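I have placed the structure first, in the form of structure tokens, so that the comments after it can refer back to it.
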Amino acid sequence: MKQSWMKKFALIFTVILLISTLAACGQKDDAPKENENTAPAETEEPIELMVSAAASLTDALNQIKADFEASHDHVTITLNMASSGKLAQQIEQGAPVDIFISANQSFMNDLEEKALIDSATRADVVGNDLVLITQADRTELPATLADLADEQYGQLAIGEIETVPAGKYAKQSLEAAGIWEQLQERIIYTSNVRQVLTYVESKNVDYGVVFASDAAISDQVQVVSTVDEGHDPILYPAAVVANSTHAEMAQEFIQYLLGDGAATLQSYGFRQP
């Protein structure tokens, strides 16, 4: 009897062990297999774009930067804003820039002649107008640009002719009006067009020549007149810089300026090219 009981116990133990083993195998088979039908999620490499652009674009590009980054979460845009001439000099000296946006054609032409931009990516992204401004509370105003020759109108601020496109355009128009030489002792030069705006706002000068987009952002100045004669057409070309390490994304950003970004540019006082 004792042997029979022991045999039964051994048989029951064997059955329990077999069931436990089968259950464990089933759980193992049901577990996901790392090497079957699974792949790590693809993540895009982070990209930082360096955009060197004319100072007059500052406010508009800050908005466009935010919008572009929101739709490209792996892209960070760094803005380098200054006079177009100074930015062109930086590129000539090898500065790590992906995109250059100039406020005139000549600085872009110079870089293109030196093979420092990708000519195939060059495009005019926006246009602008030149305006004469003064303080918002001034009442006695010149009827024409030529009237500035009268000393009662005080000092006039314009950008440096060699590096600031707005300054070059201003000189062309003042020459066309026949008053360039007469104004020499009363002209104040600035390092960029936004500084002209600041000088007029702060009443450090009486008048200034800026872009229409600059005047549009300030409630402390008024536009005396549009300076639409005597200067070259005001167009802003953009291009991918030849040594860009992110040329494809840089080109996509330029296309964005021509597409979705165009409405933003116009909302800041620019016009279509």
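Each peptide in 69-76, 164-171, 247-254, 112-119 was scored by the mean count of other Cβ atoms within 10 Å over its residues; highest first, the order is 164-171, 247-254, 112-119, 69-76.
For the stretch 112-167, with all protein chains in place and a probe radius of 1.4 Å, 43% of the accessible heavy-atom surface sits on carbon or sulfur. Under the simplified labelling scheme, the Leu141-Ala123 pair shows an inter-label distance of 3.7 nm, with each label point 7 Å from Cα along Cα→Cβ. Placing pseudo-labels 7 Å out from each Cα toward the beta carbon at Asp219 and Leu235 gives an inter-label distance of 3.7 nm. For the stretch 77-145, dividing the convex hull volume of the Cα atoms by the residue count gives 142 Å³ per residue.
Once the Cβ-Cβ distance of Asp228 and Gln89 is raised to the sixth power relative to R0 = 45 Å, the FRET efficiency obtained is 0.90. The mean sequence distance of close C-alpha pairs (under 8 Å, at least 6 residues apart), as a share of the length of the stretch 128-208, puts its relative contact order at 43 percent.
Of all aspartates and glutamates in the structure, the ones whose alpha carbon falls short of 12 Å from that of Lys86, not counting any fewer than 8 places away in one chain, are Glu160, Glu162. Relative to one another, the C-alpha centroids of the stretch 188-218 and the stretch 123-184 are positioned 10 Å apart. For Val131, neighbours were defined as the other residues whose beta-carbon sits under 10 Å from its Cβ, and their charges (Lys and Arg +1, Asp and Glu -1) total -3.
Size descriptors for the stretch 136-273, from the alpha-carbon set: Rg then Dmax equal 17.2, 54 Å. Here the translational diffusion coefficient of the stretch 108-154 follows from Stokes-Einstein with Rh set to the Kirkwood radius across Cα pairs; for 10 °C and 1.306 mPa s it amounts to 107 µm²/s.
The values are calculated or read from the model by the stated rules, or taken from the named source; none is laboratory data. Just so it is clear, the structure is predicted and the values come from calculations on it, not from any experiment. Quick reminder, even Gly has a Cβ in these numbers, built from the backbone with ideal geometry, and neighbours come from all protein chains shown. The accessibility values were calculated without ligands, DNA or RNA, using every heavy atom of the protein model including side chains. Shrake-Rupley method; radii C 1.70, N 1.55, O 1.52, S 1.80 Å.
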